[in-house]
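Some notes on the structure that comes next.
The values are calculated or read from the model by the stated rules, or taken from the named source; none is laboratory data. Since we're looking at a predicted model, the values are computed, not measured. No Cβ is skipped: glycine too gets one built from the backbone with ideal geometry, and neighbour counts run over all protein chains shown.
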Amino acid sequence: MITVNTEYHSHFKEITGLAGDSFELDEPLVSELAAKITEKYGAKMKALLIDPRTNDLNANGTMYVDSKGKRIFIDDTLEDGETIAFLVGIAGG
Amino acid sequence: MSALPQKELVTGETWYQPGDEIPNVTTKLFALRNQCTECNVCEVACSLVHSPDGEINPQLSRIQINHAPDKQTKASPAGLGFVADICHHCGNPPPCAEVCPTDAFYYDPLTQAAVIDQDNCIQCMECVPGCPFDVVFVAPSGELLKCDLCGGDPVCVKACSTRPELLNVGKQYNRMPVLFYEEQPEFNRLSREEPVARDEVGMMQAMLERGEISSGA
Amino acid sequence: MESNLLRVDLTTGEIKSEIIGHEVFEKWVGGSGINNWIMWQHFLTHDINCDPRSPDNIFVFGVGPLAGSGAGSGVKGRITFKSPCYDMFGDSAGGGKFPYMVRFSGYEYIAITGKAPKPVYLHICNDEVSLHDASHLWGKDTKETHEILQRDLGDYPSKTHTLSIGQAGENQVGIAGVVSDALRIHARCGGGAVLGSKNLKAIAVQGSGGIKIKRPEGIMKWSDVFRQSLDANEAVYGFKRRGTLGAVEMYQHIGSHFWRNNQGNKFRGEGITSDNWVKRFHKYSEVCSSDCFIACDAKYKIDGTESEAAKKYVGETFRRPEYLTTGSAAGALDVRDWAEVAHWGKITNDYGIDNQDLSCSISFLMEIKQHGLISDDDVANLFGHSQSLEWGNMDDIEALVESIVYQSNPFGKLFGDGPYKGALRYSEMMGQNFMKYAMYGKGGASFTEEMRPFPTWMNNMAVASRGADHLKGLGLIEKFQRRDLSQIYFGGPEAADLEVPTYKGASTAIIENQVALLNSYGVCMFHWMLDPAGYMPESYYGEAYRSITGVEHDSEMLMRDGERICNLEKAFNSRVGMRREHDTVCERWMWEPCPEGKYPGKVAADMFEPVLDEYYQWRGWDVRSGLQTRAKLEELDLGDVADVLEADGALARG
């Protein structure tokens with residue numbers, strides 16, 4: 001059992017209504033974290049977080065990084081106490 | 001009404017005979033007032049599907065987008081920013097058909113929408129002021145343009161880029177285009193309520209404040 | 001596919017129309033590809049080393065075949081010319097209604113040469129084209145110009161849409177842009193100065209013609225799938241809501257802003273977040289590029305209650321700032337109030353000037369003052385009076401902007417061509433080397449984002465044909481660490497790994513070709529970030545392109561077309577003398593460690609040379625000189641270009 005913290009920014013913050021959160025995971029897997037988040041925040045979060053075409057984390061227009069600034073994918077593992085930031089992946093303009 | 005000419009569809013279906021009772025148009029198109037972004041995609045799509053030879057020309061579209069915040073039209077008496085003007089399929093028979101001196105209007109049996117038969121139309125333009133909503137348009141060639149509901153699957157609805165989220169249609173996560181069918185009751189209700197606008201800001205803000213739609217879009 | 005080119009010689013007033021035949025589309029695709037070809041042809045008979053402000057320069061406007069067809073997210077027009085600020089190839093894209101309306105006027109390409117004896121504007125009303133006196137518009141900003149033209153020319157046979165220059169363009173400020181419908185600026189490279197030098201204040205267009213589609217059913221089907229796919233992604237709704245401002249939080253989190261001339265890479269203060277914008281300034285999305293299914297743009301109108309500074313701008317209305325508008329104001333200049341950032345966006349648009357080069361010119365001066373390298377007297381000499389140079393003080397900043405726009409004092413004259421030339425001139429004037437504080441990449445163009453942790457992004461800045469810019473190489477595989485895309489592009493994850501140089505130059509080379517295709521199609525690039533199909537301009541958009549034009553090029557051929565377009569841009573720059581040593585970035589990025597954020601300590605020098613080598617290798621160019629080889633050009637069916645380069649001594653030897 002590990003604990004993983006989350007930070008929600010921009011559109012993620014708007015959907016969750018929270019700046020951050022904390023989850024207890026049985027397995028140290030991003031897939032379990034994603035499942036817990038979508039379960040907690042519902043269909044809209046699922047439409048944002050999961051790409052139905054790949055069943056991976058939705059990579060289009062989004063960005064998820066760990067505390068070192070490294071992007072995470074669905075098959076990555078997580079360490080106890082890690083903080084994952086959920087961000088909008090947009091550039092330019 | 002009984003004088004309306006009857007025609008055969010290219011598909012071979014029979015049209016209503018004189019004296020037949022014509023069913024109401026149950027599927028209608030509306031635009032949520034002042035939520036349109038003037039992206040013009042509906043105009044592009046409408047002109048393309050109605051073109052016999054694959055031409056896109058917004059001037060030949062049966063839906064017209066206007067950004068005239070101060071201009072009051074019959075369709076938008078309050079003068080509310082962007083307006084997507086399109087046929088309301090309002091009566092049965094509709095006023096535009098009733099004033100037609102050549103009875104050039106006929107009915108699509110799939111949608112019961114009144115459609116202009118260009119072969120019979122003499123381009124007298126009586127139907128233009130005859131329309132209570134100013135939504136029969138005139139092409140540069142003089143051709144009269146009126147929404148025909150695309151035979152039941154309106155391309156403008158599919159193309160509409162603005163899709164506010166609708167929370168109160170049940171638990172299902174749902175979004176709808178600003179253009180919509182009348183049979184969608186929530187939009188129907190919203191469209192009939194008097195829009196509350198702050199300057200050009202529009203009713204989206206007002207609806208957000210009233211909690212009628214969510215802020216997702 | 002066939003199209004019309006309108007040629008306007010402002011010296012003689014001659015206006016003529018030419019047909020651009022199907023074979024030109026076969027080779028140059030459309031949009032920016034055809035623009036490049038028109039400009040290349042022009043400089044075969046005119047001196048390519050001419051002063052870009054002279055009548056010999058050419059200004060080309062073009063809009064690609066997918067524009068206005070319902071295929072793609074939004075129409076983008078393109079202007080192409082020799083850049084007056086960087087003295088090299090210059091081009092810039094812009095949206096709005098102007099390029100859309102141009103599509104229906106029958107003239108998709110407009111080439112302007114010569115110089116009018118007095119200020120004029122060009123009116124295109126279907127096939128009636130005329131030049132008119134513009135003395136009543138001269139001195140007006142782009143908004144007033146647009147409103148006057150729209151009112152005077154009316155709504156028949158269609159609404160009027162305009163492309164105009166503001167005071168910056170009139171005064172031939174090197175970094176002046178050209179503004180579409182007073183809302184959207186073609187900012188980069190100084191197109192406004194070119195129009196200003198030609199005495200052309202504006203182009204107004206009305207069109208009521210149609211666009212012929214080769215296979216309508218094909219494009220209708222394509223558009224349906226396109227829309228459904230975008231609709232399925234919730235992130236698109238986030239983007240509709242926040243536009244590019246969504247990047248503010250992400251850049252803040254990883255440390256990718258450009259704070260105080262890039263002395264830092266995070267915004268200070270709590271004010272500038274997209275949440276704050278949405279909460280206080282957001283009014284519903286009301287403006288949009290034509291033909292866009294995403295509609296990421298929005299309008300604001302300040303009522304004075306939004307923030308402290310909002311009181312100064314009650315009633316002001318404009319577009320929501322884009323990220324780089326925010327990056328230049330809240331980043332480079334440390335402005336901390338959204339109302340002021342929005343105001344910065346509005347004034348730069350009204351004057352018609354590029355906010356990237358403008359902000360870096362100002363932040364350069366602010367930084368050398370901050371370090372005490374110049375005295376109050378030195379500053380007074382620049383402005384003709386004492387001038388405070390306080391970071392984030394919008395009133396000071398506006399005074400500096402006006403100096404440049406109106407060229408009213410030595411500071412304005414020194415920095416009219418942006419921070420690089422400005423810093424060089426000022427260093428020379430003061431007998432002191434300030435170049436360490438000038439922020440720029442290729443050509444002296446500046447860009448207000450932190451670059452040092454991102455080798456591909458840095459490589460983009462060093463090689464982009466129009467001067468430092470992300471919109472040619474678009475290094476997003478790396479910036480977003482898209483391991484999945486790296487796998488698809490290269491069969492391995494390395495291109496997404498910030499720690500290794502592998503595939504960094506390669507991804508610039510490949511994506512430049514793809515972006516050249518998108519720009520030639522005439523559609524917006526944002527689809528790229530929001531849908532996996534966006535990364536396939538050759539296959540996915542290729543299908544739409546074939547349906548519309550009937551140019552039956554498969555993906556492989558289209559990629560070659562994209563490569564050909566890039567090579568012509570490169571050839572232009574080789575002809576004006578650019579070599580490998582010009583593909584570089586400024587001192588701070590190269591040597592000074594990244595100060596903060598998630599990736600501290602990084603410098604460009606870590607990987608710069610191997611990445612650049614790899615870029616040339618993937619391009620098939622000579623690694624030592626950076627020049628093109630005859631073999632590569634002939635492979636792309638550009639033997640004639642190789643001949644021209646050889647005659648100019650600009651072809652790689654051997």
Find the residue count for segment C:520-543, including only residues that are within 18 Å of C:Arg78 (Cβ to Cβ), in a helix (DSSP H, G or I) and more than 14 Å from chain A (Cβ to nearest Cβ). 3
Can you work out which of the residues in segment B:125-149 that are among the small types (Gly, Ala, Ser) and assigned to a loop (DSSP other than H, G, I, E, B) is nearest to B:Lys28 (Cα to Cα)? B:Ala139
For segment C:323-361, give me each residue that is in contact with a Cys (Cβ under 9 Å, 6 or more places away or on another chain), charged (D, E, K, R) and either away from every other protein chain (no Cβ under 14 Å) or surrounded by fewer than 24 Cβ atoms within 10 Å (Cβ to Cβ) (or both). C:Asp357
So C:Asn276 fits all but one of (1) in contact with an Asp or Glu (Cβ under 9 Å, 6 or more places away or on another chain); (2) crowded, with 24+ Cβ neighbours inside 10 Å; (3) more than 7 Å from every other protein chain (Cβ to nearest Cβ); what number is the exception? (2)
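When only residues in segment B:84-124 that are assigned to a loop (DSSP other than H, G, I, E, B) and in contact with a Gly (Cβ under 6 Å, 6 or more places away or on another chain) count, which is farthest from B:Val135 (Cα to Cα)?
B:Leu110
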Anything in segment C:229-264 that is of a type in the set (S, T, N, Q) and within 12 Å of chain A (Cβ to nearest Cβ)? List them, or say none. C:Ser229, C:Asn233, C:Thr244, C:Gln252, C:Ser256
Considering only residues that are of a type in the set (Lys, Arg) and within 15 Å of A:Val4 (Cβ to Cβ), look in segment A:35-57 and name the one that is nearest to the other protein chains (Cβ to nearest Cβ). A:Lys40
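Does at least one position in segment A:59-68 carry a residue that is surrounded by fewer than 21 Cβ atoms within 10 Å (Cβ to Cβ) and either at the interface with another protein chain (Cβ under 7 Å from one of its Cβ atoms) or more than 12 Å from the chain's Cα centre (by Cα) (or both)? Even if it seems obvious, please write down each step before you answer.
Looking only at segment A:59-68, we keep the residues that are surrounded by fewer than 21 Cβ atoms within 10 Å (Cβ to Cβ), and these are A:66-68.
Now drop any that are not either at the interface with another protein chain (Cβ under 7 Å from one of its Cβ atoms) or more than 12 Å from the chain's Cα centre (by Cα) (or both), which leaves A:67-68.
Looking for residues that are surrounded by fewer than 21 Cβ atoms within 10 Å (Cβ to Cβ) and either at the interface with another protein chain (Cβ under 7 Å from one of its Cβ atoms) or more than 12 Å from the chain's Cα centre (by Cα) (or both), one finds at least one in segment A:59-68, hence yes.
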Among the numbered criteria (1) assigned to a helix (DSSP H, G or I); (2) within 14 Å of chain A (Cβ to nearest Cβ); (3) of a type in the set (Phe, Trp, Tyr), which single criterion is violated by C:Trp589? (2)
Could you identify the single residue in C:Arg227, C:Arg242 that is touching a helix residue (DSSP H, G or I) at 6+ places or on another chain (Cβ under 6 Å) and basic (Lys, Arg)? C:Arg242
Got a sec? Which helices (runs of 4 or more DSSP H) wholly within segment C:190-308 have at least 1 residues that are farther than 30 Å from C:Ile112 by Cα? C:216-231, C:234-242, C:247-254
With buried (at least 18 other Cβ atoms within 10 Å of the Cβ), within 9 Å of chain C (Cβ to nearest Cβ) and among the β-branched types (Val, Ile, Thr) as the only criterion, which of A:Ile90, A:Ile84 stands out? A:Ile90
Please work out if C:Asp87 is within 25 Å of C:Glu322 (Cα to Cα), acidic (Asp, Glu) and either touching a Phe, Trp or Tyr at 6+ places or on another chain (Cβ under 8 Å) or in contact (Cβ under 8 Å) with a residue 12 or more places away in the chain (or both). no
Listed by first then second residue, the pairs whose first member lies in segment C:460-480 and is closer than 10 Å to A:Ala91 by Cα, whose partner is in a loop (DSSP other than H, G, I, E, B) and acidic (Asp, Glu), with beta carbons under 8 Å and at least 6 positions apart or on separate chains, are C:His470/C:Glu449
Conditions first: (1) part of a helix (DSSP H, G or I); (2) free of Cβ contacts under 8 Å to residues at least 40 places away in the same chain. A:Met63 passes all but one, so which condition is the exception? (1)
Out of C:Gly315, C:Gly269, which single residue is closer than 25 Å to C:Pro600 by Cβ and either at pLDDT below 95 or away from chain A (no Cβ under 14 Å) (or both)? C:Gly269
Identity of the residue in segment C:356-411, in a helix (DSSP H, G or I) and aromatic (Phe, Trp, Tyr), that ends up farthest from A:Gly93 (Cα to Cα): C:Phe383
Restricting to segment C:209-224, name every residue that is surrounded by fewer than 20 Cβ atoms within 10 Å (Cβ to Cβ) and either more than 11 Å from chain B (Cβ to nearest Cβ) or touching a Phe, Trp or Tyr at 6+ places or on another chain (Cβ under 7 Å) (or both). C:Gly209, C:Lys221
